[in-house]
1. Can you give me the number of residues within the range 180-230 that are at positive phi and under 24 Å from the mean Cα position of the chain (by Cα)?
2. Would you be able to say whether some residue in the range 641-660 is out of contact with any Gly (no Cβ under 7 Å at 6 or more places or on another chain), modelled with pLDDT under 95, over 30 Å from LYS135 (Cα atoms) and open to solvent by less than 30 Å² (accessible area, probe 1.4 Å)?
3. Considering (1) at pLDDT 95 or above; (2) surrounded by 17 or more Cβ atoms within 10 Å (Cβ to Cβ); (3) not hydrophobic (A, V, I, L, M, F, W, C), say which one SER443 fails and leave the rest.
4. Take the residues in the range 391-429 that are outside any helix (DSSP H, G or I), of a type in the set (S, T, N, Q) and surrounded by 18 or more Cβ atoms within 10 Å (Cβ to Cβ); name whichever of them is nearest to the chain's Cα centre (by Cα).
5. If you scan the range 679-722, which residues turn out to be β-branched (Val, Ile, Thr) and either more than 25 Å from ILE561 (Cβ to Cβ) or loosely packed, with under 15 Cβ neighbours inside 10 Å (or both)?
6. Give all pairs with beta carbons closer than 7 Å in which a residue from the range 164-183 that is closer than 15 Å to LYS245 by Cβ and modelled with pLDDT under 95 meets a residue that is open to solvent by 60 Å² or more (accessible area, probe 1.4 Å) and assigned to a loop (DSSP other than H, G, I, E, B); count only pairs at least 6 apart in sequence or on separate chains.
7. Just checking, how many residues over the range 614-631 are crowded, with 21+ Cβ neighbours inside 10 Å and assigned to a helix (DSSP H, G or I)?
Amino acid sequence: METFGAPTVSVVLLALLSILTNPLAAFGRQTPNHDTHQRRTYIIQLRKPAASLDEQNLNIWYESFLPESDGSSMRLLHSYSEVFSGFAAELTEEEVKNMEKKEGFLRAHPDRVVPLLTTHTPAFLGLKQNQGLWKASNLGKGVIIGVLDTGLTPSHSSFDDEGMPPPPAKWKGSCSFESGCNNKLIGAKDMISGGSSSSPTDEEGHGTHTASTAAGNFARNASAFGLGGGTAAGMAPHAHLAIYKVCSSQGCSLADVLSGIDAGVKDGADVLSLSLGGSSLSLAEDPLAIGSFGATEKGVFVSCAGGNSGPSQSSVSNEAPWILTVAASTTDRSFRASIELGDGHSVNGESLDQLEALSETSLPLYFSQDSPDCGSISGDASGKVVVCKAGQSPADLATRVKDSGGVALIYITDASQGSTKLVRRVEFPAAFVSDKDGASIISYATSTSNPTASISFGGAVLGASAPSVAFFSSRGPSLACPSIIKPDISGPGVNILAAWLDSEGTGESNYNIISGTSMATPHLSGVAALIKSVHPKWSPAAIKSAIITTSDDKIASGKPIRDQQEEPASFFAMGAGHVNPSKAVDPGLIYDLNTDDYIAYICGKFGDSGASVIVRDRSVNCDNVKNITEANLNYPSIFVALQSGSSVTVKRTVTNVGAATSSYKVQVNVPKSVSVTVTPQTLKFSKVEEKKSFTVTVKLTGSSSSVEGNLKWISDKHVVRSPIVVSSS
């Protein structure tokens, strides 16, 4: 599972972390080998039949592709109809080769298993009851968010339906929980093929956490481990939830994920939230990208995690331009653990194990230069605060320190994590500190004959400098779409408190604090739902544009958003910036895209072969389509690659969604090594939904390998900002 947190209520999560450390090992439902008679799961893509077929006849047609043997229909795992033409089945390599000869066959995608990638975050993002966007959107009423994850705990108070209206008339889904279905939780299905359970109940906690983050209702007295107490709420507290269980402790089969997307669109979801993903794939070879295109084509907004493989470059996944790709950032809340050294120097760490017994008690400090990661701890540690550098899991170190007689642990995170502190529950007095702060502690401990330290716990403290990009958040540039800036946007994803499963069967509403782009994604899904509630006719691209162009690239003090090394974050780390929901609902101008635009882009990138795979509802002849290059797709950000001294011109079109009569002037902020000319420099509108086009000519005059800047359209009420990245090819 691609999340980081305090997995104290489910030991299964420890097993999931092994998938994170080696995601490529989770390749398929069965381990592939060279035996052509070994069955494994394939997603079979077919050309859409010329005549419309009902569900029964569609399944008969799908079964006609299966081997003619007894029980062959039992191998059919999923039938797709809404966003993908085809099915998933258990087949041998030889059977797939025979299937390729049949008319209507397009492609066989070997199934892959991909890993799964709050009381305060609404306030941190400027959402307040009876004010602003929450008031304008009626808390998201009438919008349906489909969450594809590990299921849900229906008894949790976050999913009560107090104040909720019935689902809209368009809803066609069903809720298979024996109890707990209501006007909040309107849909729940188990989409896992061949699973031991047919229940959508969450057995891991991850799905409960993400669903409550997106659309949890107001839940009082919410806290985890005595921290963060208050009223919890998701981004869209009165949006409806539809749950599609597509992931288990083994990860998420793409065949099951595709089935969840298909069902969500068929049922009537407005937003699909997917906190999962794997490695980068060509869009024409990625079932998730293909299925998401089908969803977008039908007006459904798709929000996906960008991945937890940062800070490595080009590690971002879920890169299709019709998907909102989400990065993870910090919030201004910390779970304070203050360390006071004997020399008077103090360090602020964080902890989920806040025990008053240690408060303001000065104790001997232990650190071994021979074993800085505490691989071995001598008897001298008894009764002392033990300092350990990263190398083993915090929980294992806490046990080792306890067994050695130590009374507390100071855990120094790895240097690669920088300022990002991922707190975990270790059930022992502990403080997590950054590598930088840890160095000062070690310096004191090794330069003093009798070093001492005290740890005092301050609970949840607001006011930390935020947001900053988390070290684990996957980075661009995109391998699949190199001329589109990915990720698109960042949202809260570090130490997020939200609903959790009731593993002990007490009937209490539990909460947990975990981290990952898995946590950031439902924040954006909820924001999209709020915008959809206010602007029900907006396309998915319009909603995405509003989110991107109104995002913040600076913190409240006016300083740039920074990464984990406290350097200004690049657009390939944070996307355009950090989401600002209150601004996103009123962007002034939007960069819109429709299906024809995407088809022109797909034709330009892949030709007829790619178009036949990605575009299912139309017979596309790319010779009859005016192709669009990736750089010229009407995206709300701009990426160009060129050689020094050369220039490139790209075109964009904006739609007025603000005041009918309005005027915007352009402002460009780029380094001196780049020349940017925008024509025209003023856009004047006389009606709502009027469109205006402009060109951007970029010339690289210096020798920089990559530079970043912003193009802004400014009126008396709006600032519409598009990131610009210029790369030397």
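The values are calculated or read from the model by the stated rules, or taken from the named source; none is laboratory data. The model shown is predicted, which means the values in this text are computed figures rather than measured ones. Cβ sites come from the backbone with ideal geometry, for glycine too, and all protein chains shown count toward neighbours. Ligands, DNA and RNA are excluded from the accessible area calculation, which covers all protein heavy atoms including side chains. Shrake-Rupley method; radii C 1.70, N 1.55, O 1.52, S 1.80 Å.
1. Result for the range 180-230: 2.
2. yes
3. Exception for SER443: condition (2).
4. THR420
5. Answer for the range 679-722, where residues must be β-branched (Val, Ile, Thr) and either more than 25 Å from ILE561 (Cβ to Cβ) or loosely packed, with under 15 Cβ neighbours inside 10 Å (or both): THR679, THR682, VAL688, THR695, THR697, THR701.
6. Sorted first by the residue in the range 164-183, then by its partner, the pairs are GLY180/SER155.
7. Summing the residues that are crowded, with 21+ Cβ neighbours inside 10 Å and assigned to a helix (DSSP H, G or I) in the range 614-631 gives 1.
Residue-wise test of (1) open to solvent by less than 10 Å² (accessible area, probe 1.4 Å); (2) modelled with pLDDT of 95 or more.
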site: VAL271; (1), (2): yes, yes
site: GLY277; (1), (2): yes, no
site: LEU283; (1), (2): yes, yes
site: ALA289; (1), (2): yes, yes
site: SER292; (1), (2): yes, yes
site: GLU297; (1), (2): no, yes
site: VAL302; (1), (2): yes, yes
site: SER315; (1), (2): no, yes
site: ALA320; (1), (2): yes, yes
